[in-house]
1. If we scan the stretch 170-177, do we find a residue that is crowded, with 19+ Cβ neighbours inside 10 Å, farther than 23 Å from D65 by Cα and not aromatic (F, W, Y)?
2. Count, please, the residues in the stretch 78-131 that happen to be under 14 Å from the mean Cα position of the chain (by Cα), among the aliphatic types (A, V, I, L, M) and under 17 Å from Y169 (Cα atoms).
3. Is it true that some residue in the stretch 88-108 is hydrophobic (A, V, I, L, M, F, W, C), in contact (Cβ under 8 Å) with a residue 12 or more places away in the chain, within 26 Å of L44 (Cβ to Cβ) and part of a helix (DSSP H, G or I)?
4. Any idea which of K185, K156, K125 is touching a residue at least 12 places away in the same chain (Cβ under 8 Å) and outside any helix (DSSP H, G or I)?
5. Given the condition in contact with a helix residue (DSSP H, G or I) (Cβ under 8 Å, 6 or more places away or on another chain), of a type in the set (S, T, Y), modelled with pLDDT of 95 or more and surrounded by 20 or more Cβ atoms within 10 Å (Cβ to Cβ), answer yes or no: does some residue in the stretch 87-108 qualify?
6. Failed condition for P164, given (1) in contact (Cβ under 8 Å) with a residue 24 or more places away in the chain; (2) surrounded by fewer than 19 Cβ atoms within 10 Å (Cβ to Cβ); (3) not hydrophobic (A, V, I, L, M, F, W, C), with all others met?
Amino acid sequence: MATMLIKHINCLSLLVVVLLFAFPSSNAMPVKEIHSFCKETFELEFCMQYIGKNTRIAAARDLSDIFLIAISEAQIQMTNAITQIDRVRLQYDDPVRKNRLSVCEKKYESAGDSFHKAWEMGQKKIGRTMEDLEDMFNQTQAGLQAVSDCQDEWAKNGPKQESPLTLQYNNVQKLSQIARVIIKKITS
């Protein structure tokens, strides 16, 4: 199932690149606007690294395109987490850690599904309703909650241990915050 999720996310990332580059960059958002937007996220450096320096930003015409970039970056974090789980699984012989990895694998797959749904909704621009934007927000929140549940797993049902997925967790938190700022700006 993890392999299928990784293939699914990779296909989505490729589709985003194709869709964003299919439009002329003359309609792209100016770099100054992207920097101003990133300031609003309270994660300026992170936003500029993952959004502002993203190769797809050259074709981003509006906040909806930036939302697609943020969500596709969150999906990449899902792929990275699954890869990390596969990498460390063989290093753990302790049943508590193995169980925690199993829980996290399911949570990251669930988060990947939620981010994929948000991404699909984000593609819809014509005829988008407030309900659609609320659904995008809820799917983003569901993805973040699943990742948070994984992180919390490392502190319960046994001794507290350091999660091998902390980097991906932190990145998803920040990308979700960026996505929420975008949705808030679109709705205002």
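1. The first filter runs over the stretch 170-177 and keeps only residues crowded, with 19+ Cβ neighbours inside 10 Å, leaving 171-172, 174-176.
Now restrict to residues that are farther than 23 Å from D65 by Cα: none.
No, because not a single residue in the stretch 170-177 is crowded, with 19+ Cβ neighbours inside 10 Å, farther than 23 Å from D65 by Cα and not aromatic (F, W, Y).
2. Number satisfying all stated conditions: 4.
3. Taking the stretch 88-108 and keeping what is hydrophobic (A, V, I, L, M, F, W, C), we get 88, 90, 96, 101, 103-104.
Restricting the remaining residues to those that are in contact (Cβ under 8 Å) with a residue 12 or more places away in the chain gives 88, 96, 101, 103-104.
Those left that are additionally within 26 Å of L44 (Cβ to Cβ): none.
Within the stretch 88-108, none of the residues are hydrophobic (A, V, I, L, M, F, W, C), in contact (Cβ under 8 Å) with a residue 12 or more places away in the chain, within 26 Å of L44 (Cβ to Cβ) and part of a helix (DSSP H, G or I).
4. On the way: K185 fails: outside any helix (DSSP H, G or I); K156 fails: touching a residue at least 12 places away in the same chain (Cβ under 8 Å).
Just a single option satisfies the conditions, and that option is K125.
5. From the stretch 87-108, those in contact with a helix residue (DSSP H, G or I) (Cβ under 8 Å, 6 or more places away or on another chain) are 88-89, 92, 98, 100-101, 103-105, 107-108; that's our starting set.
From what is left, the residues that are of a type in the set (S, T, Y) are 92, 108.
Pick out the ones that are also modelled with pLDDT of 95 or more and you get 108.
From the residues that got through so far, the ones that are surrounded by 20 or more Cβ atoms within 10 Å (Cβ to Cβ) too are 108.
The answer is yes; a qualifying residue exists.
6. It is condition (2) that P164 fails.
The values are calculated or read from the model by the stated rules, or taken from the named source; none is laboratory data. Source: prediction; values computed, not measured. When we count neighbours, we look across all protein chains shown, and the Cβ atoms used for this are built from the backbone with ideal geometry, even at glycine.
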